[in-house]
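Chemist: Take this structure first; my questions come after.
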């Protein structure tokens, strides 16, 4: 949609504009801010449309209360329209004003319901053609997806739950959180943890394998509701993709070489090491301080996640790093 030829009503009904007003979609925010820069004369119209969206959105009170108010409003609007239809054509100016106001109110109520029905969508993380792609979630958990893997993150992740859905293979290094267990949904099972490292392979049409390295996980098979299987470190659970959910538990036979990075360096600057980490784990690594780039390291560093690798390097020669918008920023 383009601001130049849009009305207030069209803006308020546009789903992308709603996300922009509610501040829950960075792409939508970028698009509409750009539209405002291109059409500064439309700022007043956009401001009014934003006001209406905020009035009708769930920002005011909780969703249940507002839904009840809107339902009552619809009933009142229907009754008002029925009464208006019974009136004679000779209406007073004041009566006409009430009629117009009633119709406008009904329209806004209907619009409010439409906005309430816009469901937040899960964030989608993929590895596409990359051998590995690392994502650091809002709770600090590190997930490394294998090539062609896909991870859907619940819209309420780290606020009311920590649930993700996996298709493909991924390595998880989960931060402990006593309030919300971390749950990985697959097509055959739900895997629940509190804080641990494990690998899950869940390709469509193939058997599901959960391999535990540290901590403890509980696997609930969907074909057998209520059946919970507890894994301890160095155990692997394999579930066949059948209606009976056949499964077996075996010792871990081999390391997950696709994820573990053995970094052997000999007097190399941190700038070059960062490039190797970026390439292996599939996550951008940048510097905010040029002086740090020249720090030199020697030794063998082995780790399953990029954060653990950086923490190991810190022990030899200290520096700082943080994660912002899934970018690792190294500083002095």
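Chemist: How many nm separate the modelled label positions at residue 37 and residue 294, each set 7 Å beyond the Cα in the direction of the Cβ?
Modeler: 3.6 nm
Chemist: Moving on to the next point. Taking a ≥ b ≥ c as the square roots of the Cα gyration tensor eigenvalues, with a/c under 1.5 meaning rounded and otherwise prolate when a/b beats b/c, else oblate, which class fits the stretch 261-331?
Modeler: Oblate shape, in that a/c is at least 1.5 and b/c is the bigger or equal ratio.
Chemist: Now, a different point. Roughly how many nanometres apart are two label points built 7 Å out from the Cα toward the Cβ at residue 324 and residue 160?
Modeler: Using points 7 Å along Cα→Cβ, the separation is 3.1 nm.
Chemist: Sorted by mean Cβ packing within 10 Å, highest first, what order do the peptides 311-320, 145-154, 296-305 take?
Modeler: My ranking of the peptides, most packed first, is 145-154, 296-305, 311-320.
Chemist: Once fully extended, how much extra length lies between residue 257 and residue 238, figured as 0.36 nm per residue of separation less the alpha-carbon to alpha-carbon distance?
Modeler: So the extension gain works out to 5.0 nm.
Chemist: Compute the Cα gyration tensor for the stretch 293-332, then decide on rounded, prolate or oblate, letting a ≥ b ≥ c be the square roots of its eigenvalues: rounded whenever a/c is under 1.5, prolate when a/b is larger than b/c in the other cases, and oblate in all that remain.
Modeler: Oblate, because a/c is 1.5 or more while a/b does not exceed b/c.
Chemist: Would you mind calculating the gained length between residue 331 and residue 218 on full extension (0.36 nm times residue separation, minus the Cα-Cα distance), in nm to one decimal?
Modeler: Once the chain is fully extended between residue 331 and residue 218, it gains 36.8 nm.
Chemist: Going by a ≥ b ≥ c, the root eigenvalues of the Cα gyration tensor, does the stretch 193-234 fall in the rounded group (a/c under 1.5), the prolate group (a/b larger than b/c) or the oblate group?
Modeler: Judged from the Cα gyration tensor, the stretch 193-234 comes out oblate (a/c at least 1.5, b/c at or above a/b).
Chemist: While we're looking at this one, here's another question. Nearest 0.05, what FRET efficiency do residue 138 and residue 271 give at R0 = 25 Å with Cβ-Cβ as r?
Modeler: 0.30
Chemist: Using the 10 angstrom Cβ neighbour count as an exposure proxy, how do 45, 206 rank, fewest first? Each step should come with its number before you reach the end.
Modeler: Values: 45 15, 206 12.
Lowest count first: 206, 45.
Chemist: Between residue 147 and residue 286, what is the label-to-label distance in nm when each label sits 7 Å out along the Cα-to-Cβ direction?
Modeler: Between residue 147 and residue 286, the simple spin-label model gives 2.9 nm.
Here, each number is a calculation from the coordinates, and none is a lab measurement. The shown structure was predicted, so the numbers you read here are calculated from the model rather than taken from an experiment. Glycine also receives a Cβ, built like all others from the backbone with ideal geometry; neighbour counts cover every protein chain displayed.
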